[in-house]
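Below: one structure, written as structure tokens.
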Amino acid sequence: MDCVFCQIVAGKIPSTTLYQDEEVLAFWDINPMAPTHILIIPKKHIPSLANITDDESPLIGRMAKVANRLAKEAGVSESGYRLVVSSGEDGGQVVPHLHMHLLGGRKLSARPC
Ligand code: AMP
Ligand code: ZN
């Protein structure tokens, strides 16, 4: 298993768990781009948004729900935040395990990139 996020799920690479349930795990990004930068991932290895099956797609809603909860806990729910899911090379995805970035705590560009 050489997927870094699968290794985090398995506890083989340390992370700062902020939330977990049977299907979803959230932890601080190791290289934060904003004061609040949290990653929300499915525990199951899904390579990217482009690979998600119809059966798996409700996971995206679960991940967004977790993101909203963590945004409140981080104190950025009112000030605002952004959820980002990069898919594939042109989308800028580096880690090939589906993940959602929760970014907040500073004024982000009005443009998505
Ligand atoms: P992406 O460019 O969308 O694939 O984002 C991958 C993110 O994973 C980057 O923001 C990295 O900083 C983050 N990352 C990579 N390895 C780790 C790790 N071991 N713990 C926490 N975050 C990580
Ligand atoms: Zn994985």
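The values are calculated or read from the model by the stated rules, or taken from the named source; none is laboratory data. Computed from a prediction, not measured in an experiment: that's the story for all the values here. Using ideal geometry, Cβ is built from the backbone for each residue, glycine included, and neighbour counts are taken over all protein chains shown. These accessible areas exclude ligands, DNA and RNA; they are computed on the full protein's heavy atoms, side chains included. Shrake-Rupley method; radii C 1.70, N 1.55, O 1.52, S 1.80 Å.
Quick notes on this structure:
- The set of residues in region 58-76 being of a type outside the set (A, V, I, L, M) and either open to solvent by less than 50 Å² (accessible area, probe 1.4 Å) or not in a loop (DSSP other than H, G, I, E, B) (or both) consists of P58, G61, R62, K65, N68, R69, K72, E73.
- Taken together, the residues in region 22-50 that are more than 11 Å from ligand 2 (Cβ to nearest atom), touching a residue at least 24 places away in the same chain (Cβ under 8 Å) and surrounded by fewer than 17 Cβ atoms within 10 Å (Cβ to Cβ) amount to 4.
- Of all residues making up region 101-113, the number that are over 15 Å from N68 (Cα atoms) and either charged (D, E, K, R) or open to solvent by less than 50 Å² (accessible area, probe 1.4 Å) (or both): 4
- Count of residues meeting criterion [under 23 Å from K72 (Cβ atoms) and surrounded by fewer than 18 Cβ atoms within 10 Å (Cβ to Cβ)] in region 1-21: 5
- Residues that are within 16 Å of ligand 2 (Cβ to nearest atom), open to solvent by less than 40 Å² (accessible area, probe 1.4 Å) and in a strand (DSSP E or B) occur in region 77-100; there is at least one.
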